[in-house]
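The values are calculated or read from the model by the stated rules, or taken from the named source; none is laboratory data. As the structure is a prediction and not an experimental result, all values here were calculated from the model. Because the Cβ atoms are built from the backbone with ideal geometry, glycine has one as well, and the counts that use them run over all protein chains shown. When the accessible area is computed, the model is the full protein with side chains, heavy atoms only, and any ligands, DNA or RNA have been set aside. Shrake-Rupley method; radii C 1.70, N 1.55, O 1.52, S 1.80 Å.
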Amino acid sequence: EEAVHDPPAARGSHRGPQGQLALTGGRTDKLVVVLGDQLDPQSRAFDGFDARLDRVWMAEVAAESTHVPSHKARTALFLAAMRHFRDELRARGITVEYRQLGQHAAGTLGEALRADLERLRPGRVIMVQPGEHRVATDISAAVASAGPQLDLAPDDHFFITPGEFEAWARGRKELRLEYFYRWMRRRTGILMDGDEPAGGRWNFDAENRSSFGAAGPGWLPSPAAFAPDVVTREVIDAVARELPGNPGRLDAFDWPVTRAQALAALDDFVTHRLPLFGRWQDAMWRGEPWLYHSRIAAALNLKLLNPREVCDAAARAWRDGRAPLDAVEGFVRQILGWREYVRGIYWREMPSYLDRNALDADRPLPAFFWTGETDLACLRETIGQTLALGYAHHIQRLMVTGLFALLWGVRPREVHEWYLSMYVDAVEWVELPNTLGMSQYADDGLLASKPYVATGKYIARMSNYCAGCRYRPDRAHGGDACPYTTLYWDFLARHRERFARHPRLALQVRNLDRLPHGEREAIAARAAALRRALDAG
Ligand code: FAD
Ligand code: SF4
């Protein structure tokens, strides 16, 4: 059954000796397809690559930026990294067939590839297993219709294959991150002393996740910034020209777009921010998007960095006494734990996962998600920052935008499309389980052990957003009630039956039941008024 989940190449079939490759009368022998999130010249698709016979194929197609309206910085990051990668390959003498945005007619990757397969007539097409179900289907169909054999190579930018995740998951009543993560620690030996976790504990959450308090974060180390070079500036101009209607801004673009820059970004993080990463992981502060976060998710997802080298760099910092264990464990957990876990869930559940809607949420996404124009200060700040940078950190995504969508009852598909559009690091295999599972509970608790619901008091505790807001986080009804607080109780009331016996939510439902009848009525009235006001625009 594992073969269902792993591409055939995972069993080694692509590793044929070079001598077996036949010359095909001057035509390309192998065509190595490289997608925008597969930018690693060491990838298994290049095994046995012969620059005299083989070629690389890459394409920028509008559909990848318009099937959901991709943030301009997200598209620019992908295209800038692709063009730098192309140039590096060419500098090594490799022939790269490269289709540039605006310079060819094909709308989708499949269409662009089909046209070129007819022209190039390669004997075989080889690529790393695509990270997105839709793209995998599109490319397989294009290659099948053009004739050559398609070999899929496993993606070495993960610690385990989807098949290995499946083997771990099979037969378990519940899939829980904590058990998966411990299994991964033992399996990889990362932060382990023999069979025991380094420092004697698996989890340092108790030390982590503080808030800044009234004093604020104080001095913050500025992360390494990468000014756009000529290639990136050309991309930025092309995106502004070709995709003028897409959301987001480009003026602050400073993301790493090459492997050398990505390594510099990792080193900068490990040296200057990792030591305090754990402690301030969940905190938010107005005007401070980066805080102690790493900013490396996009580089990881485009495969400019390998998760092994990232975890090793963090573990080394601890062993050398440059960062405390609570910070390093908190960081490794995100990559060795969450990142691998959500990918396993994605491939296990797709394609039907896209349509899950366990809570029957049926409201449209409020229009202000695309503009940031709202009087809820936390949402204004988080969405405004997202439009400016294509970035928000985990708690902004989960407990500001995600929480609002969950409490409001937005259709999960629309929430998913917004997150896939908006973040520079968004790729469906990681974005979808985080959005649909962790943040919207649309998979009925498959991924998260409970819905992440809270009142505005959580946001007040973890940030200074509420100080600049016309609402009061401690009020559940009345004209100045915080919409989160009202909608939190409204959510529990709407889903009372489902969660009354839920092991991790029953207590919150009991608190709802304890509210005086009059207060519950006032909350319901306030929730109805909020819905009327927002629906009326
Ligand atoms: P840091 O906070 O410094 O974390 C370190 C690294 O850990 C990240 O770079 C990332 O690779 C990994 N990581 C952290 N949390 C997660 C997680 N929950 N799942 C997987 N990997 C994680 N991450 C993406 O890479 N792409 C997405 O499209 C994406 N969409 C998200 C949508 C929602 C609704 C939520 C709640 C989270 C999403 N995340 C996504 C996870 C997380 O928010 C981002 O990885 C993180 O904010 C990226 O910023 P950073 O590199 O500074 O991360
Ligand atoms: Fe957000 Fe409510 Fe705080 Fe306003 S009061 S910033 S809406 S949590």
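Some notes on this structure:
- Check: the chain dipole with +1 on Lys, Arg Cβ and -1 on Asp, Glu Cβ, in debye: 860 debye
- Highest mean first, the peptides 238-245, 313-320 sorted by other C-beta atoms within 10 Å per residue fall in the order 313-320, 238-245.
- Using alpha-carbon coordinates, inclination of helix 483-494 to the longest axis of the chain, degrees: 90 degrees
- Rg to Rh, two decimals, where the stretch 364-443 supplies the alpha carbon set and Rh follows Kirkwood: 0.92
- Taking Cα atoms only, the orientation of helix 72-91 departs from the longest principal axis of the chain by about 20 degrees.
- Peptide packing for 380-387, 496-503 was compared via the average number of neighbouring C-beta atoms within 10 Å per residue; ordered from the highest value, the list is 380-387, 496-503.
- The orientation-averaged projection of the convex hull spanning the C-alpha atoms of the stretch 241-310 amounts to 6.3 square nanometres.
- The listed residues 168, 183, once ranked by accessible area (1.4 Å probe) with the largest placed first, stand as 183, 168.
- The stretch 154-226: Cα Rg divided by the 2.2 N^0.38 Å rule of thumb: 1.60
- FRET efficiency estimate (nearest 0.05) - Cβ-Cβ, residue 149 to residue 170, R0 30 angstrom: 0.45
- Nearest 10 degrees, 0 to 90: helix 412-422 Cα axis against the chain principal axis: 60 degrees
- Rolling a 1.4 Å probe over the heavy atoms of the protein chains gives the chain an accessible area of 40 Å² per residue.
- Within the stretch 45-140, trypsin sites (Lys or Arg not before Pro) in DSSP loop having at most 13 other beta-carbon neighbours inside 10 Å: 52, 92
- Label positions at residue 179 and residue 95, each projected 7 Å from the Cα along the C-beta direction, are separated by 5.3 nm.
- Whole-number percent relative contact order across the stretch 101-216, with pairs defined as alpha carbons under 8 Å at least 6 apart: 18 percent
- Dividing the mean sequence gap of close Cα pairs (under 8 Å, 6+ apart) by how many residues the stretch 180-310 holds gives a relative contact order of 30 percent.
- Based on Cα atoms of the stretch 29-88, Rg over Rh with Rh as the Kirkwood radius reads 1.03.
- In plain terms, the C-alpha convex hull of the stretch 384-537 casts an average shadow of 9.5 nm² when viewed from every direction.
- Exposure of residue 272 as accessible area (Å², to 10), given a probe of 1.4 Å and all protein chains: 100 Å²
- Based on C-alpha pairs under 8 angstrom that are at least 6 apart in sequence, the chain has a relative contact order of 16 percent.
- The charge dipole of the stretch 21-179, taken about its Cα centre with unit charges on the Cβ of Lys, Arg, Asp and Glu (plus for the first two, minus for the last two), comes to roughly 260 debye.
- Across the chain, the volume of the C-alpha convex hull divided among the residues equals 159 Å³ per residue.
- Ranking 193, 355, 254 from most to least accessible surface, computed with a 1.4 Å probe over the protein chains only, gives 355, 193, 254.
- Divided by 2.2 N^0.38 Å, where N counts the residues, the Cα radius of gyration of the stretch 235-357 comes to 1.25.
- Of the accessible area of the chain, computed with a 1.4 Å probe over protein heavy atoms only, carbon and sulfur atoms account for 49 percent.
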